[in-house]
1. Are there any pairs, at least 6 apart or on different chains, whose C-beta atoms fall under 7 Å, with the first in the stretch 208-237 and free of Cβ contacts under 8 Å to residues at least 60 places away in the same chain and the second of a type in the set (Asp, Glu), and if so, which?
2. Quick check on my filter: what residues within the stretch 2-18 are in contact (Cβ under 8 Å) with a residue 40 or more places away in the chain and surrounded by 13 or more Cβ atoms within 10 Å (Cβ to Cβ)?
3. Restricting attention to the stretch 114-149, and to residues there that are within 27 Å of Val53 (Cα to Cα) and polar (S, T, N, Q), which single residue is surrounded by the fewest Cβ atoms within 10 Å (Cβ to Cβ)?
4. Scan the stretch 20-43 residue by residue and report those that are in contact (Cβ under 8 Å) with a residue 40 or more places away in the chain, outside any loop (DSSP other than H, G, I, E, B) and farther than 30 Å from Lys71 by Cβ.
5. Could you please find all residues in the stretch 112-148 being of a type in the set (Phe, Trp, Tyr) and either modelled with pLDDT under 95 or under 15 Å from the mean Cα position of the chain (by Cα) (or both)?
6. Quick check on the stretch 225-242. Is at least one of its residues of a type outside the set (Asp, Glu), within 30 Å of Ala33 (Cα to Cα) and surrounded by 13 or more Cβ atoms within 10 Å (Cβ to Cβ)?
7. Can you report the number of residues in the stretch 84-129 which are in contact with a Leu (Cβ under 9 Å, 6 or more places away or on another chain) and within 30 Å of Gln18 (Cα to Cα)?
8. Scanning for something surrounded by 17 or more Cβ atoms within 10 Å (Cβ to Cβ), of a type in the set (Val, Ile, Thr) and more than 26 Å from Arg131 (Cα to Cα), does the stretch 178-198 turn up at least one residue?
Amino acid sequence: KIKLFDTISSIREWRREQALKGYSVGFVATMGALHAGHLSLVNQAKEKCDQVVVSIFVNPAQFAPHEDLSKYPRTLDTDLESLTETKSCDVVFLPSVNDIYPSGIPLEVEKQQGTFVEVLGKSHQMEGKTRPIFFRGVATVCSKLFNIIQPDHVFFGQKDAQQCVVIRNLIRDLHFPIVMKVGETLRESDGLAMSSRNKYLTAEMRPFANVLYRALTEAKNQFDNGKRDRNEILTPAYQLIQDVIGNAMKLGFEIKLDYLSLVDPSTLEELDVVVTDCGAIISGAVWS
């Protein structure tokens, strides 16, 4: 049976017991609304570690005032059922906002008080361009959860490629004694990455939702066919997205391209030419 802890003191007491037993602890941080991608990470954690902790916490610090904090899907009962079915989760941590942010957490950054963590140089580009406080919120909550749970291994999904780079740098720079593992992106049958926010998609919008997967696949195909120049890799992807935007518009749907990036896997700096030995991260975001 899964143990549920909703206070910092209770999970710390549990963690001390695991240390005395010599048990290793794996950790998967989530905001709930769990899907197969999350559960895959939980299973990977159980393969590696004696005990597995999953946190469910919708983190206000990574939402801007105009974003979807209030309507973000919250499905705790279903989440607990899913975790029980995996037989891989030992503990679920359900902290309160007040416990995680004792100074409070207004969404307006200029009103916030207390301690925050920023990974400079990795948080301003790509998704960070249009969500400038997002990775500050992610880095802060992960630092707090790592400190509370003291995991030996943490597991994140490759879908959030920039987040993985941010967390890897965070672990290194703050000297957390943690090994980070990155799990593959799990996708629906048409290529759409599994995501908690897929619940927002209407039946009419759903056929267009795999546009980013198709575009990124097109860019990867250019690389696989020997192209190394930025424009040669990305132009077919841009064209595909523009075609889908046009088709959606005819049906009365608005789709917008947020960004399409071709970056160095370590620095996240945009590349004009891909060095074969290093590779690159191709990523993007579209919204409607």
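The values are calculated or read from the model by the stated rules, or taken from the named source; none is laboratory data. Bear in mind the structure is a predicted one, so any value in this text is a computation, not a measurement. Heads up, the Cβs are rebuilt from the backbone with ideal geometry, glycines too, and the neighbour counts pull from every protein chain shown.
1. Matching pairs, first to second residue: Asn210/Asp190; Gln222/Glu232; Arg230/Asp272; Pro236/Glu218; Ala237/Glu218.
2. Restricting attention to the stretch 2-18, the residues satisfying the condition of being in contact (Cβ under 8 Å) with a residue 40 or more places away in the chain are 2-8, 11-12, 14-15.
Those that are in contact (Cβ under 8 Å) with a residue 40 or more places away in the chain and surrounded by 13 or more Cβ atoms within 10 Å (Cβ to Cβ): Ile2, Lys3, Leu4, Phe5, Thr7, Ile8, Ile11, Arg12, Trp14, Arg15.
3. Thr115
4. Listed by number, the residues that qualify are Val25, Gly26.
5. Quick first cut of the stretch 112-148, residues of a type in the set (Phe, Trp, Tyr) only: 116, 134-135, 146.
Result: Phe134, Phe135.
6. From the stretch 225-242, those of a type outside the set (Asp, Glu) are 225-228, 230-231, 233-242; that's our starting set.
Next, from what is left, pick out any that are within 30 Å of Ala33 (Cα to Cα): 241.
Remaining after also requiring surrounded by 13 or more Cβ atoms within 10 Å (Cβ to Cβ): 241.
Yes, the conditions are met somewhere in the stretch 225-242.
7. 11
8. The answer is yes; a qualifying residue exists.
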